Structure formats: structure tokens, C-alpha cells
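Each remark here refers to the structure printed beneath this line.
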Amino acid sequence: MLVSADIAERSDQMVSACGLDTLSIFFTDRSAHSETVTYLHHCGVSPAAQYAYQHGRVFRHDPFTRIVDQSDRSGKLIWWEDRQLSSAARAAEHYKSFINYYSVDVVGAWVQQLLPDFILVIGAHCRNGSHHKSDVARRLFQHEISAISQMVVGQLLEETLSGAGGRGLLRSVLSGNRQWSPDNAMTALSPREREIARLVSAGNQNKQVAYMTGISEFTVENHLRKIYRKLGVRNRAAMTARIHSATTYQ
């Protein structure tokens, strides 16, 4: 996922208007066996710094993500001089070595936990020898970074719901089914529908499926329409992705 053109443009404008030098937007996922970072947008950050932060595993020591309130989903702007952050930063030697090497003067970061251990981070910085962070337009910065964070969350929600099975997931949540999983959605299909869905997802055309199942091609098409509706998808490609998701989930 990359941020939309609107988000990128507003982020870059914020950097200029607020007296910043660089900005990074990314997700940190600490729920996996191995922590990962996914970049969404950079403004003014060198490719070398991007690579070092990600592949040098600097993000694992980022103090901003270490002081997240596990019960808070609203997000907040944390300033570099924040007392709680300063305490975490003192122990983050790898992170401090990174910002010193790349002459980064950290201003602050918007940190928002969207799911347990899945965190949106928007980090803003000045560069030593360029802008000074004491001159940053803090009120404007606070307003803009909050707005940008909600734009990113909105895009993530839109892309998730428009993907394979997204609408089915939404309907399950709205109906109070908190035990939803890709495989649960598959149980809504009849045995015949599951058979046809798997044959189609394996790359078989309707005519082949009809021959293999002993039914007419017209009946296969009728089954597919029902399958699409039950899985919350619109076409064969989306259905195939959904079937594969269910297989992976098992």
C-alpha cells in the first residue's frame, strides 16, 4: 500500500509549511513472529536512511512505538522532548546511533495503534544544519499530522473493504459476528457451491467445471452468482483470492 496522491501532497505541504525537513509514514507490525515495517510515504528521507531503518532493524528500537498505550486507538502526537519518550529513548542506543549518523533532529511522531501491535507512525524531523525544530510551527503541525493520520486510516479501511471478501467481513462485523474468519464465510456455501468455487479457483473454466461435476454450464453460472453474493465478491478473481485466503487460514 502506498498513500494516495492527496495524502502525499498534503504531507509534503505540511513539511514545507511547518518548517520541517523530512517525514515518513509507515506501519509497524509487531504481531508477527518477526517484526516488520511497511513504508507508505517519505518526504525528503534518503534511500540509504530508509534502507537502514528497515533492514537494519532500527524500527525495532524506535522509542515512539515502545510507549504506545495498549488501550488507546485514537492516536496522539508525541513530541521528542516528552518525558515518557525521553526515558524510552535513553535505552534505545541503536535508534540514537541511527539518527546521529543521518543527522536527524527528531521533532515528534503521530503514533496510532490500529490493532494490537499494529501501529501507524508518522514521524517528522528536521535535519542538522537546516531547519531548527524550535522554529517548527507546532500548532499547525499538530493539526495537520492529526488530519493526515485519519486520511491514512480512511484509505486503509477503504482498500481493505474493497478487497476480496471485504464487504462480507464488514457485514459480519456489523451483524455482531466477531468470530469471522475467511473459513467461516466458506461455511455459508452449500457443499455443491464449495465444490464449484474450488474448481473455478483452481483455474477451470465453466465448461470444464460442468463436465467435472455432471451439471450444465448454465447451472454452474447460477451457482457462481450465488457464491459471489455469499462471499461478498464480484468476480472470479476476487472469489479465487477469497478461496485461497480460506485455505491459508485453515
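The values are calculated or read from the model by the stated rules, or taken from the named source; none is laboratory data. Everything numeric here is computed off the predicted structure, so don't read it as measured data. Note: ideal-geometry Cβ built from the backbone for every residue, glycine included; neighbour counts use all protein chains shown. In case anyone asks, the SASA skips ligands and DNA or RNA and just uses the protein heavy atoms, side chains included. Shrake-Rupley method; radii C 1.70, N 1.55, O 1.52, S 1.80 Å.
With touching a residue at least 12 places away in the same chain (Cβ under 8 Å) and in contact with a Lys or Arg (Cβ under 6 Å, 6 or more places away or on another chain) as the only criterion, which of 29, 21 stands out?
Matching residue, one of 29, 21: 21.
For the range 40-57, give me the residue count where each residue is surrounded by 15 or more Cβ atoms within 10 Å (Cβ to Cβ) and modelled with pLDDT under 95.
So the count comes out to 1.
What are the residue pairs meeting all of these: first residue in the range 80-95, first residue surrounded by 12 or more Cβ atoms within 10 Å (Cβ to Cβ), second residue part of a helix (DSSP H, G or I) and small (Gly, Ala, Ser), Cβ atoms under 9 Å, and 6 or more apart or on different chains?
Taking only residues 6 or more apart or on different chains, the pairs are 80/86; 80/89; 95/89.
Please work out if residue 134 is touching a Gly at 6+ places or on another chain (Cβ under 7 Å), closer than 23 Å to residue 62 by Cα and either at pLDDT 90 or above or open to solvent by 40 Å² or more (accessible area, probe 1.4 Å) (or both).
no
How many residues does the range 58-79 contain that are open to solvent by 70 Å² or more (accessible area, probe 1.4 Å) and part of a helix (DSSP H, G or I)?
Matching residues across the range 58-79 total 3.
Given the conditions (1) open to solvent by less than 60 Å² (accessible area, probe 1.4 Å); (2) touching a strand residue (DSSP E or B) at 6+ places or on another chain (Cβ under 8 Å); (3) charged (D, E, K, R); (4) farther than 20 Å from residue 39 by Cβ, report the number of the one that residue 117 does not fulfil.
Result: residue 117 passes all but (4).
Taking residue 107, is it among the aliphatic types (A, V, I, L, M), open to solvent by 30 Å² or more (accessible area, probe 1.4 Å) and either out of contact with any strand residue (DSSP E or B) (no Cβ under 6 Å at 6 or more places or on another chain) or touching a residue at least 60 places away in the same chain (Cβ under 8 Å) (or both)?
no
How many residues, within the range 214-229, are touching a Ser or Thr at 6+ places or on another chain (Cβ under 9 Å) and either on the phi > 0 side of the Ramachandran plot or of a type in the set (D, E, K, R) (or both)?
1
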